[in-house]
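Note sheet for the following structure.
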Amino acid sequence: MVMGLKVGVLVMIFVQISYVLMNVIYKLAVEDGMNMRVLVAYRAMFAAAFMLPLALLFERKSRPKLSRVTIYQAFLCGLLGVTLAQNLYIEGLALTSTTFAVAVTNLNPAFTFILAVCFRVEKLRVGTMGGKAKVVGTVVGIGGAMISTFYQGIQIQIPTTHFNVLHHNPAPQVHVASSYDSFTRRLLGSIFALASCAAYALWLIAQGKMNESYPYYYSSTALMTVMGFLQSLLLAICTVRDWNQWRLGFNIRLLSAAYSTTLLFPLFGRELYHQE
């Protein structure tokens, strides 16, 4: 029992460290000039290619035929969990900072709780200790995010290592001409990051409904990633006119798409398996 708990804690720590590294790589890809919508499309493509063989291998004989309801649920989950959540998140990451974007993801439980109550998936139960704790935690979490949004704080000078991971001059960034411009960028980035949390919370609720009618986790994850890839690809094609953005080499762009793929399955699978 104790050994299993220790292993679980170590796995959770490893996953969190992996997510932090993923956000740093994301930011480097953005600084390199990679279009964010193209990055999401490539990530979903790699994830779909990774999950489809697993679904065919482990659930080829056990899963039933797809129904219209299942396809609709997979479309909705792909829209919320991949297309909207990821595109909004990377937009917020590009306009703010890696630290802020990661901090805002801590609001996912608060958004999930609020939306679950609104959709009557969960009862508020303010009269119980658990209900009061959830309300207080939600208020504190949202309040902390608002402070991070409007209070920039002092700048800490860190000595440079003279090491450029991009191996060339980064892409030109939008020049912030005044403090008003800087505040506007942070505000827009915060709105995108919070909207990403809302989309993620809605995805969890939709995913719970899908699990009830289609409890085949590899197949459902594969369906969601395929739907998310098709949606993200369509969005990127319609908005990105420069076809040079789609070129991948052995650089930070390929690393950002490939590395984040290994985390997309835990992103889906962690909630999938814990909702049994």
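Any idea which residue in the range 48-60 is nearest to the chain's Cα centre (by Cα), counting only those that are farther than 14 Å from residue 215 by Cα and surrounded by fewer than 17 Cβ atoms within 10 Å (Cβ to Cβ)?
Looking only at the range 48-60, we keep the residues that are farther than 14 Å from residue 215 by Cα, and these are 48-54, 56-57.
When the remaining residues are screened for being surrounded by fewer than 17 Cβ atoms within 10 Å (Cβ to Cβ), the result is 49, 53-54, 56-57.
Working: 49: 18, 53: 23, 54: 22, 56: 25, 57: 27 Å.
Step by step, filter the range 48-60, then rank; the result is 49.
Could you tell me which numbered condition residue 73 fails, if it satisfies all but one of (1) assigned to a helix (DSSP H, G or I); (2) out of contact with any Phe, Trp or Tyr (no Cβ under 8 Å at 6 or more places or on another chain)?
(2)
For residue 28, are the conditions met, namely being modelled with pLDDT of 90 or more, within 30 Å of residue 99 (Cα to Cα) and surrounded by fewer than 22 Cβ atoms within 10 Å (Cβ to Cβ)? If you could, list the steps in order and put the result at the bottom.
Details: modelled with pLDDT of 90 or more: no; within 30 Å of residue 99 (Cα to Cα): yes; surrounded by fewer than 22 Cβ atoms within 10 Å (Cβ to Cβ): yes.
Judged against the criteria, residue 28 is not a match.
Considering 105, 70, which residue is within 15 Å of residue 207 (Cα to Cα) and touching a residue at least 40 places away in the same chain (Cβ under 8 Å)?
The match here is 70.
Just to check your reading of the model, which residue among 43, 37 is of a type in the set (D, E, K, R), more than 12 Å from the chain's Cα centre (by Cα) and within 30 Å of residue 250 (Cβ to Cβ)?
37
Does residue 192 satisfy being over 23 Å from residue 72 (Cβ atoms) and touching a Leu at 6+ places or on another chain (Cβ under 9 Å)?
yes
For the range 212-223, check the following and say yes or no: at least one residue is under 16 Å from residue 39 (Cβ atoms) and in a helix (DSSP H, G or I).
Scanning the range 212-223 turns up no residue that is under 16 Å from residue 39 (Cβ atoms) and in a helix (DSSP H, G or I).
Pick out the one residue from 192, 229 that is at pLDDT 85 or above and either in contact with an Asp or Glu (Cβ under 6 Å, 6 or more places away or on another chain) or at positive phi (or both).
Values: 229 fails: either in contact with an Asp or Glu (Cβ under 6 Å, 6 or more places away or on another chain) or at positive phi (or both).
Just one listed residue meets the conditions, 192.
Do we find a residue being touching a Pro at 6+ places or on another chain (Cβ under 7 Å) and assigned to a helix (DSSP H, G or I) anywhere in the range 27-35?
Checking the range 27-35: at least one residue is touching a Pro at 6+ places or on another chain (Cβ under 7 Å) and assigned to a helix (DSSP H, G or I).
The values are calculated or read from the model by the stated rules, or taken from the named source; none is laboratory data. Only a predicted model underlies this, so the values are computations on that prediction, with no experimental measurement involved. With ideal geometry, Cβ positions are generated from the backbone for all residues, glycine too; neighbour counts draw on all protein chains shown.
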